[in-house]
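The values are calculated or read from the model by the stated rules, or taken from the named source; none is laboratory data. Keep in mind that what you see is a predicted model, and the values were worked out from it rather than measured. Reconstructed Cβ throughout: ideal geometry from the backbone, glycine too, with neighbour counts over all protein chains shown. Note: accessible area is taken over every heavy atom of the protein model, side chains too, but ligands, DNA and RNA are not part of it. Shrake-Rupley method; radii C 1.70, N 1.55, O 1.52, S 1.80 Å.
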Amino acid sequence: MLAHHVRITATVFVSAALLVAHALPAAASSVATSRESLEDLPAISAPLGAENGTRGVSPAGCGGTTDYAHKSGSDASVHGRTKCKRAVSKVGVTTILQKKGWVIWESMKSDTSSRTGANNSQDAHPHWRCSGWGTQSYRGYSSHYSIESGRTYTTATASPEKRFGC
């Protein structure tokens with residue numbers, strides 16, 4: 001039985017160096033650790049902003065969402081997506097499922113989804129086999145982007161910690 005999906009939107013603007021679309025899959029594909037604290041991200045929705053610290057908001061009204069992590073069969077999973085009000089040149093998202101370790105958050109699995117000439121990225125939904133780990137805390141982190149008229153817009157969203165057993 002699938003857990004109920006509760007959608008939250010928490011957004012923070014981050015450095016373009018972390019979010020450039022071609023760098024995301026390589027950076028997120030290996031198991032990594034993170035000391036950053038996402039618990040303090042505001043639970044608000046915000047549009048994608050122009051990269052490189054320049055001012056600007058996505059003209060197509062693009063924004064990103066990361067849902068709560070949840071149990072899916074014997075897996076832990078999370079979903080992230082980027083949606084726009086109209087079709088753009090390219091739209092994408094990389095979502096990372098993280099598990100709370102003793103000291104740091106561990107990145108367990110990532111998934112990327114992107115589309116060309118579309119108004120949404122479709123879901124990136126990493127799954128990680130969590131059976132045998134007992135009750136753990138999980139969260140999701142997503143990097144979103146859109147390319148509009150040759151300009152890249154980026155943001156990141158995260159879900160609060162969710163505790164469950166597999």
_Enumeration of residues in the stretch 151-166 that are in a loop (DSSP other than H, G, I, E, B), open to solvent by 30 Å² or more (accessible area, probe 1.4 Å) and touching a Ser or Thr at 6+ places or on another chain (Cβ under 9 Å)_ = E161, C166
*Can you tell me which residue within the stretch 97-122, out of those that are hydrophobic (A, V, I, L, M, F, W, C) and outside any strand (DSSP E or B), is surrounded by the fewest Cβ atoms within 10 Å (Cβ to Cβ)?*
W102
*Run G53 past the list (1) open to solvent by less than 30 Å² (accessible area, probe 1.4 Å); (2) within 12 Å of T155 (Cα to Cα); (3) modelled with pLDDT under 95 and report the number of the one that doesn't hold.*
(1)
*Is the stretch 128-150 home to any residue that is open to solvent by 70 Å² or more (accessible area, probe 1.4 Å), modelled with pLDDT of 95 or more, within 12 Å of the chain's Cα centre (by Cα) and under 20 Å from I96 (Cβ atoms)?*
no
*Name the single residue, out of those in the stretch 151-161 being of a type outside the set (G, A, S) and under 21 Å from K83 (Cα atoms), that is nearest to the chain's Cα centre (by Cα).*
T157
*Kindly check whether there is at least one residue in the stretch 82-96 that is more than 13 Å from C62 (Cβ to Cβ), open to solvent by 20 Å² or more (accessible area, probe 1.4 Å) and at pLDDT 95 or above.*
yes
